[in-house]
Amino acid sequence: MARVSQEHLDARRRQILDGAAVCFARNGFHATSMQDVLKEVDLSAGAVYRYFSGKEELIGAIVEEVLGQVRDGFEEAALSSPPPTPDLLVAKVLGRVLATKESLTVDGRPAFPRLVVQVWTETLRNDDLAGVLRDGYGAVRQTWARIVEAYQDAGMMRPDVAADDVARTMMATAMGFLAQQALFGPAPTGILQDGLRGLMSVRDLPGTTDGSQLG
(Lines give C-alpha, C1' and ligand atoms only; values in the text may rest on other atoms or scores of the structure.)
Protein backbone atom coordinates (compact mmCIF):
# COMPACT_ATOMS: atom_id res chain seq x y z
CA MET A 1 0.00 0.00 0.00
CA ALA A 2 1.47 3.37 -1.04
CA ARG A 3 2.43 5.72 1.78
CA VAL A 4 0.76 9.11 1.86
CA SER A 5 3.29 11.94 1.76
CA GLN A 6 3.51 14.53 4.54
CA GLU A 7 2.83 17.17 1.92
CA HIS A 8 -0.48 15.50 1.10
CA LEU A 9 -1.40 15.20 4.78
CA ASP A 10 -0.60 18.86 5.39
CA ALA A 11 -2.61 19.94 2.34
CA ARG A 12 -5.62 17.90 3.50
CA ARG A 13 -5.41 19.38 6.99
CA ARG A 14 -5.23 22.87 5.45
CA GLN A 15 -8.31 22.09 3.34
CA ILE A 16 -10.29 21.05 6.41
CA LEU A 17 -9.23 24.03 8.53
CA ASP A 18 -10.05 26.51 5.76
CA GLY A 19 -13.43 24.92 5.08
CA ALA A 20 -14.31 24.92 8.77
CA ALA A 21 -13.22 28.56 9.08
CA VAL A 22 -15.61 29.55 6.28
CA CYS A 23 -18.46 27.63 7.91
CA PHE A 24 -17.87 29.19 11.32
CA ALA A 25 -17.59 32.67 9.79
CA ARG A 26 -20.80 32.20 7.81
CA ASN A 27 -23.09 30.65 10.42
CA GLY A 28 -21.35 30.89 13.79
CA PHE A 29 -19.94 28.06 15.85
CA HIS A 30 -23.14 26.65 17.32
CA ALA A 31 -25.17 26.82 14.12
CA THR A 32 -22.45 24.94 12.22
CA SER A 33 -22.55 21.15 12.30
CA MET A 34 -19.80 18.74 11.37
CA GLN A 35 -22.01 17.78 8.43
CA ASP A 36 -21.76 21.37 7.23
CA VAL A 37 -17.97 21.15 7.40
CA LEU A 38 -17.96 17.84 5.51
CA LYS A 39 -20.07 19.40 2.77
CA GLU A 40 -17.89 22.50 2.58
CA VAL A 41 -14.65 20.54 2.18
CA ASP A 42 -16.25 17.75 0.09
CA LEU A 43 -14.67 14.98 2.14
CA SER A 44 -15.96 11.91 3.92
CA ALA A 45 -16.47 11.81 7.67
CA GLY A 46 -13.58 9.37 7.99
CA ALA A 47 -11.22 11.67 6.12
CA VAL A 48 -12.04 14.63 8.37
CA TYR A 49 -12.14 12.74 11.68
CA ARG A 50 -8.70 11.38 10.92
CA TYR A 51 -7.42 14.90 11.64
CA PHE A 52 -9.96 16.42 14.04
CA SER A 53 -12.29 14.89 16.58
CA GLY A 54 -14.98 17.54 16.16
CA LYS A 55 -15.86 21.23 16.13
CA GLU A 56 -14.11 22.00 19.40
CA GLU A 57 -10.80 20.73 18.12
CA LEU A 58 -11.26 22.48 14.78
CA ILE A 59 -11.89 25.92 16.25
CA GLY A 60 -9.07 25.45 18.75
CA ALA A 61 -6.64 24.59 15.95
CA ILE A 62 -7.74 27.62 13.90
CA VAL A 63 -7.26 29.98 16.84
CA GLU A 64 -3.86 28.55 17.78
CA GLU A 65 -2.65 28.83 14.19
CA VAL A 66 -3.67 32.48 13.79
CA LEU A 67 -2.28 33.54 17.16
CA GLY A 68 0.94 31.71 16.31
CA GLN A 69 1.23 33.70 13.08
CA VAL A 70 0.69 36.96 14.94
CA ARG A 71 3.16 36.05 17.67
CA ASP A 72 5.80 34.99 15.15
CA GLY A 73 5.43 38.27 13.28
CA PHE A 74 6.01 40.34 16.38
CA GLU A 75 8.77 38.01 17.65
CA GLU A 76 10.61 38.66 14.40
CA ALA A 77 10.29 42.40 14.95
CA ALA A 78 11.48 42.08 18.55
CA LEU A 79 14.83 40.81 17.25
CA SER A 80 15.44 44.08 15.39
CA SER A 81 17.38 46.86 17.09
CA PRO A 82 15.40 49.01 17.23
CA PRO A 83 12.14 47.40 16.08
CA PRO A 84 10.06 49.03 13.30
CA THR A 85 7.81 51.84 14.50
CA PRO A 86 4.29 50.80 15.63
CA ASP A 87 2.54 52.10 12.50
CA LEU A 88 4.73 49.99 10.23
CA LEU A 89 4.85 46.98 12.52
CA VAL A 90 1.14 46.54 13.24
CA ALA A 91 0.14 47.10 9.61
CA LYS A 92 2.79 44.66 8.39
CA VAL A 93 1.92 41.81 10.77
CA LEU A 94 -1.83 42.24 10.43
CA GLY A 95 -1.53 42.55 6.66
CA ARG A 96 0.51 39.35 6.52
CA VAL A 97 -2.09 37.42 8.51
CA LEU A 98 -4.95 38.77 6.39
CA ALA A 99 -3.08 37.83 3.22
CA THR A 100 -2.87 34.19 4.31
CA LYS A 101 -6.67 34.15 4.66
CA GLU A 102 -7.66 36.23 1.63
CA SER A 103 -8.89 33.20 -0.32
CA LEU A 104 -11.56 32.54 2.35
CA THR A 105 -14.74 34.44 1.61
CA VAL A 106 -18.39 34.51 2.67
CA ASP A 107 -20.84 36.10 0.25
CA GLY A 108 -17.94 37.71 -1.59
CA ARG A 109 -16.46 39.33 1.52
CA PRO A 110 -13.40 38.26 3.52
CA ALA A 111 -14.31 35.53 6.01
CA PHE A 112 -11.46 36.04 8.45
CA PRO A 113 -12.67 39.21 10.26
CA ARG A 114 -16.10 37.61 10.71
CA LEU A 115 -14.44 34.47 12.03
CA VAL A 116 -12.49 36.50 14.59
CA VAL A 117 -15.69 38.03 15.96
CA GLN A 118 -17.35 34.59 16.08
CA VAL A 119 -14.38 33.27 18.08
CA TRP A 120 -14.60 36.16 20.56
CA THR A 121 -18.30 35.41 21.02
CA GLU A 122 -17.68 31.71 21.57
CA THR A 123 -15.08 32.38 24.29
CA LEU A 124 -17.86 33.85 26.45
CA ARG A 125 -19.42 30.40 26.77
CA ASN A 126 -16.49 28.06 26.10
CA ASP A 127 -13.90 27.98 28.87
CA ASP A 128 -11.47 25.79 26.93
CA LEU A 129 -11.44 28.12 23.94
CA ALA A 130 -11.19 31.12 26.27
CA GLY A 131 -8.08 29.52 27.75
CA VAL A 132 -6.52 29.04 24.32
CA LEU A 133 -7.25 32.65 23.43
CA ARG A 134 -6.01 33.94 26.77
CA ASP A 135 -2.72 32.05 26.46
CA GLY A 136 -2.24 33.17 22.87
CA TYR A 137 -2.97 36.81 23.60
CA GLY A 138 -0.75 36.62 26.66
CA ALA A 139 2.19 35.49 24.55
CA VAL A 140 1.61 38.27 22.01
CA ARG A 141 1.28 40.80 24.83
CA GLN A 142 4.61 39.74 26.32
CA THR A 143 6.28 40.08 22.94
CA TRP A 144 4.81 43.54 22.45
CA ALA A 145 6.04 44.56 25.89
CA ARG A 146 9.57 43.61 24.85
CA ILE A 147 9.19 45.68 21.69
CA VAL A 148 8.06 48.67 23.74
CA GLU A 149 11.04 48.28 26.06
CA ALA A 150 13.29 48.28 22.98
CA TYR A 151 11.65 51.53 21.83
CA GLN A 152 12.30 53.05 25.24
CA ASP A 153 15.91 51.84 25.35
CA ALA A 154 16.46 53.42 21.93
CA GLY A 155 14.95 56.73 23.07
CA MET A 156 12.05 56.35 20.61
CA MET A 157 9.32 56.29 23.27
CA ARG A 158 8.92 58.11 26.55
CA PRO A 159 10.15 55.93 29.42
CA ASP A 160 7.46 56.84 31.98
CA VAL A 161 4.73 54.73 30.36
CA ALA A 162 4.38 51.08 31.38
CA ALA A 163 5.38 48.75 28.55
CA ASP A 164 2.40 46.48 29.24
CA ASP A 165 -0.01 49.42 28.93
CA VAL A 166 1.31 50.17 25.45
CA ALA A 167 1.23 46.46 24.56
CA ARG A 168 -2.44 46.15 25.49
CA THR A 169 -3.27 49.33 23.57
CA MET A 170 -1.57 48.14 20.39
CA MET A 171 -3.37 44.80 20.61
CA ALA A 172 -6.67 46.62 21.11
CA THR A 173 -5.94 48.71 18.00
CA ALA A 174 -5.43 45.62 15.83
CA MET A 175 -8.48 43.88 17.31
CA GLY A 176 -10.62 46.95 16.75
CA PHE A 177 -9.51 47.18 13.13
CA LEU A 178 -10.57 43.56 12.59
CA ALA A 179 -13.92 44.24 14.26
CA GLN A 180 -14.49 47.20 11.91
CA GLN A 181 -13.80 44.98 8.91
CA ALA A 182 -16.31 42.42 10.16
CA LEU A 183 -18.96 45.10 10.70
CA PHE A 184 -18.36 47.51 7.84
CA GLY A 185 -16.46 45.59 5.18
CA PRO A 186 -12.85 45.18 4.10
CA ALA A 187 -10.33 48.00 4.33
CA PRO A 188 -6.60 48.07 3.51
CA THR A 189 -4.15 47.95 6.40
CA GLY A 190 -2.69 51.16 5.00
CA ILE A 191 -5.57 52.95 6.72
CA LEU A 192 -4.44 51.55 10.06
CA GLN A 193 -0.85 52.49 9.29
CA ASP A 194 -1.77 56.07 8.39
CA GLY A 195 -3.98 56.44 11.45
CA LEU A 196 -1.27 55.23 13.79
CA ARG A 197 1.27 57.49 12.10
CA GLY A 198 -1.05 60.42 12.69
CA LEU A 199 -1.47 59.58 16.38
CA MET A 200 2.28 59.16 16.75
CA SER A 201 2.76 62.70 15.46
CA VAL A 202 0.82 64.26 18.35
CA ARG A 203 3.04 66.27 20.69
CA ASP A 204 2.37 67.30 24.27
CA LEU A 205 1.79 71.00 24.85
CA PRO A 206 3.66 72.64 27.72
CA GLY A 207 1.93 71.98 31.01
CA THR A 208 -0.59 69.47 29.63
CA THR A 209 1.22 66.15 29.96
CA ASP A 210 -1.03 64.97 32.81
CA GLY A 211 -4.24 65.22 30.79
CA SER A 212 -5.53 68.10 32.88
CA GLN A 213 -6.60 69.97 29.74
CA LEU A 214 -9.44 67.47 29.37
CA GLY A 215 -10.99 68.68 32.60
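The values are calculated or read from the model by the stated rules, or taken from the named source; none is laboratory data. As the structure is a prediction and not an experimental result, all values here were calculated from the model. Cβ placement follows ideal geometry from the backbone for every residue including glycine, while neighbour counts extend to all protein chains displayed. Calculation scope for accessible area: heavy atoms of the full protein, side chains included, ligands and nucleic acids excluded. Shrake-Rupley method; radii C 1.70, N 1.55, O 1.52, S 1.80 Å.
So, in segment 91-136, how many residues would count as being among the aliphatic types (A, V, I, L, M), open to solvent by less than 30 Å² (accessible area, probe 1.4 Å) and touching a residue at least 12 places away in the same chain (Cβ under 8 Å)? Quick ask: steps written out before the conclusion?
Of the residues in segment 91-136, the ones among the aliphatic types (A, V, I, L, M) are 91, 93-94, 97-99, 104, 106, 111, 115-117, 119, 124, 129-130, 132-133.
Narrowing the set further to residues that are open to solvent by less than 30 Å² (accessible area, probe 1.4 Å) leaves 91, 93-94, 97, 104, 106, 111, 115-116, 119, 129-130, 133.
If we keep only those that are touching a residue at least 12 places away in the same chain (Cβ under 8 Å) too, we end up with 91, 93-94, 97, 104, 106, 111, 115-116, 119, 129, 133.
So the answer is 12.
Return the residue satisfying two criteria in turn: it lies in segment 150-173 and is among the small types (Gly, Ala, Ser) and open to solvent by less than 20 Å² (accessible area, probe 1.4 Å), and of such residues it is farthest from residue 90 (Cα to Cα). Break it down stepwise before answering.
So the first thing to find is which residues in segment 150-173 are among the small types (Gly, Ala, Ser), and the list is 150, 154-155, 162-163, 167, 172.
Subsequent filtering for residues that are open to solvent by less than 20 Å² (accessible area, probe 1.4 Å) retains 163, 167.
Details: 163: 16, 167: 11 Å.
Restricting to residues being among the small types (Gly, Ala, Ser) and open to solvent by less than 20 Å² (accessible area, probe 1.4 Å), the top hit is 163.
Would you be able to tell me the number of residues in segment 36-49 that are touching a residue at least 12 places away in the same chain (Cβ under 8 Å) and among the small types (Gly, Ala, Ser)?
Qualifying residue count for the region: 1.
Would you be able to say whether some residue in segment 15-36 is in contact with a strand residue (DSSP E or B) (Cβ under 9 Å, 6 or more places away or on another chain) and among the β-branched types (Val, Ile, Thr)?
Taking every residue of segment 15-36 in turn, at least one turns out to be in contact with a strand residue (DSSP E or B) (Cβ under 9 Å, 6 or more places away or on another chain) and among the β-branched types (Val, Ile, Thr).
For the subset of segment 70-79 comprising residues that are in contact (Cβ under 8 Å) with a residue 12 or more places away in the chain and of a type outside the set (Lys, Arg), which member is surrounded by the fewest Cβ atoms within 10 Å (Cβ to Cβ)?
Quick first cut of segment 70-79, residues in contact (Cβ under 8 Å) with a residue 12 or more places away in the chain only: 70-71, 73-75, 77-78.
Filter again for of a type outside the set (Lys, Arg), leaving 70, 73-75, 77-78.
On the way: 70: 21, 73: 20, 74: 24, 75: 15, 77: 22, 78: 19.
It comes out as 75.
Answer with yes or no whether residue 189 is among the polar types (S, T, N, Q), open to solvent by less than 40 Å² (accessible area, probe 1.4 Å) and either touching a Gly at 6+ places or on another chain (Cβ under 6 Å) or at pLDDT below 95 (or both).
Numbers: among the polar types (S, T, N, Q): yes; open to solvent by less than 40 Å² (accessible area, probe 1.4 Å): yes; either touching a Gly at 6+ places or on another chain (Cβ under 6 Å) or at pLDDT below 95 (or both): yes.
So residue 189 passes the test.
Just one of 87, 42, 36, 72 is closer than 30 Å to residue 190 by Cα, of a type outside the set (Ser, Thr, Tyr) and at pLDDT 95 or above; which is it?
Values: 42 fails: closer than 30 Å to residue 190 by Cα; 36 fails: closer than 30 Å to residue 190 by Cα; 72 fails: at pLDDT 95 or above.
None of the others qualify; the one that does is 87.
Checking residue 47 against (1) within 17 Å of residue 11 (Cα to Cα); (2) open to solvent by less than 30 Å² (accessible area, probe 1.4 Å); (3) modelled with pLDDT of 95 or more, which test does it fail?
So residue 47 meets the others, but not (3).
Looking at segment 1-36, which of the residues that are assigned to a loop (DSSP other than H, G, I, E, B) and β-branched (Val, Ile, Thr) is least open to solvent (accessible area, probe 1.4 Å)? Write out each step before concluding.
Start the filter on segment 1-36 by keeping residues that are assigned to a loop (DSSP other than H, G, I, E, B), which leaves 1-5, 28-33.
Next, from what is left, pick out any that are β-branched (Val, Ile, Thr): 4, 32.
Working: 4: 75, 32: 2 Å².
It comes out as 32.
Here are 158, 109: which of them is of a type outside the set (Gly, Ala, Ser) and under 22 Å from residue 22 (Cβ atoms)? Before you say what the answer is, go through the steps one by one.
Numbers: 158 fails: under 22 Å from residue 22 (Cβ atoms).
Criteria check complete, one pass: 109.
Of all residues in segment 50-64, how many are without any contact (Cβ under 8 Å) to a residue 40 or more places away in the chain, open to solvent by 70 Å² or more (accessible area, probe 1.4 Å) and more than 16 Å from residue 11 (Cβ to Cβ)?
2
If we scan segment 57-69, do we find a residue that is part of a helix (DSSP H, G or I), over 22 Å from residue 139 (Cβ atoms) and small (Gly, Ala, Ser)? Full working, then the answer.
Quick first cut of segment 57-69, residues part of a helix (DSSP H, G or I) only: 57-69.
Keeping just the survivors that are over 22 Å from residue 139 (Cβ atoms) gives none.
No - not one qualifying residue is present in segment 57-69.
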